[in-house]
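Each reported figure results from applying straightforward, stated rules to the coordinates on display, with no laboratory input. Please read all numbers here as calculations on a predicted model, not as lab measurements. Positions of Cβ are generated from backbone atoms using ideal geometry, with glycine treated the same way; all protein chains shown enter the neighbour counts.
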Amino acid sequence: MLTDQRHQLIRDRLAAEGSVLAGELASRFGVSEDTVRRDLRELAKAGECRRVYGGAVASAPFAAATISQRGGHAIEEKARLANAAVAVLSAGQSLFIDGGTTNEAIARAIPRDIELTVATNSLGVASVLSDHPLVELIVLGGRYVRDLGTCVGADTLAAVAQLGADLFFLGSCGLDATRGVTAFDSSEAEVKRAMAGNSAGILIAVTNDKLATTAPYRVAAAGSISHLVVEKTAPAAILADFERQGAQIHFA
């Protein structure tokens with residue numbers, strides 16, 4: 001594969017997901033990780049991404065892929081993650097579920113015979129759960145941001161402050177054992193932090209390309225993650241860092 005072809009594929013992945021992993025790209029392209037790291041250095045020099053441990057994250061304007069753009073990426077992987085994530089649920093729990101295509105997949109995977117209370121600022125999650133017979137659904141209003149698919153701002157934060165949850169299904173833009181959970185949008189990160197602060201536990205389900213990546217705005221420390229749901233091919237060394245900080249690992 002020619003260099004220009006690799007660069008365009010990396011740009012496309014950054015636009016769709018906001019981050020890339022060097023090892024995954026090397027396997028996909030059939031080249032060495034050194035070659036991919038050189039590609040990422042060249043793209044970073046051109047201002048099209050920012051290097052992070054293990055790969056790169058998108059630079060504006062590429063960082064903020066819309067919810068609709070992300071929806072077509074890794075559909076099967078997200079469905080498997082969702083099925084593994086809902087296996088931790090117990091009847092009667094109260095949940096926060098924020099935005100993201102993986103969290104929408106989780107909402108679809110919630111069994112219809114389990115009684116739950118779900119509070120969400122995601123219109124996609126709310127739509128999925130609107131006809132669930134045993135879910136008491138609380139929609140957290142506020143300023144709706146179409147690209148994010150979520151409500152944010154003062155009204156959303158005020159609504160979150162009135163609630164508590166047993167578990168927070170946190171949609172992650174970046175996840176790193178050192179920097180923790182991060183997001184690309186400051187207002188979205190603020191709502192995520194509020195939900196995390198009012199929850200007894202945090203569950204994050206991520207595809208491999210988000211592991212060992214970071215975004216600009218911090219949400220939660222790695223040590224606050226109760227459950228981490230990952231693909232079976234997730235790098236063992238990365239997972240070990242999260243396990244040491246208390247996360248229970250679930251494979252999809």
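Please find the FRET efficiency linking ASN83 to SER186, where r is the Cβ-Cβ separation and R0 is fixed at 45 Å, and quote it to the nearest 0.05. Numbers along the way, then the final one.
Details: r = 32 Å, r/R0 = 0.72.
Step by step, r from the Cβ atoms, then E = 0.90.
With the biggest extent put first, the Cα atoms of the range 3-58 measure 24, 19, 19 Å across the principal axes. The distance between label points at HIS7 and SER130 comes to 4.5 nm (points 7 Å beyond Cα on the Cα→Cβ vector).
In whole Å, how far is the Cα centre of the range 166-225 from that of the range 78-136? Rounded to whole Å, the Cα centres lie 18 Å apart.
Here ARG38 and ASP241 are evaluated by their C-beta separation; at R0 = 22 Å the FRET efficiency comes out at 0.25.
Semi-axes of the equivalent ellipsoid of the range 116-252 are 25, 17, 14 Å, computed as sqrt(5λ) over the eigenvalues of the C-alpha gyration tensor in descending order. Annotation: amide H-H contacts under 5 Å for GLN248 (H modelled 1.01 Å from N, sequence separation of 5 or more, or interchain): HIS227, LEU228. About its Cα centre, the dipole of the chain is roughly 560 debye, where the only charges are +1 on Lys and Arg Cβ and -1 on Asp and Glu Cβ. Sorting VAL145, VAL230 by the number of Cβ atoms found within 10 Å of their own Cβ, with the fewest placed first, yields VAL145, VAL230. Taking Cβ atoms as reference points and 15 Å as the exclusive limit, the residues near LEU140 contribute a net charge of -2, counting Lys and Arg as +1 and Asp and Glu as -1.
Over all alpha-carbon pairs in the chain, figure out the percentage whose distance exceeds 28 Å.
On the way: 9257 of 31626 pairs.
Counting every Cα pair in the chain, those more than 28 Å apart make up 29 percent.
The radius of gyration of the Cα set in the range 164-215, together with its Dmax, comes out at 10.8, 31 angstrom.
Please tell me which of these pairs span more than 23 angstrom C-alpha to C-alpha: LYS78/LYS192; LYS192/LYS232; LYS78/LYS232? Don't skip to the end; give the middle numbers.
Values: LYS78/LYS192 20 Å; LYS192/LYS232 27 Å; LYS78/LYS232 12 Å.
Violating the 23 Å limit, Cα to Cα: LYS192/LYS232.
Across the chain, Cα pairs under 8 Å and at least six residues apart give a relative contact order of 17 percent.
Rounded to the nearest 500, the helix-only mean residue ellipticity at 222 nm of the chain stands at -11500 deg cm²/dmol, with each DSSP H run of n ≥ 4 adding -39,500 (n - 2.57).
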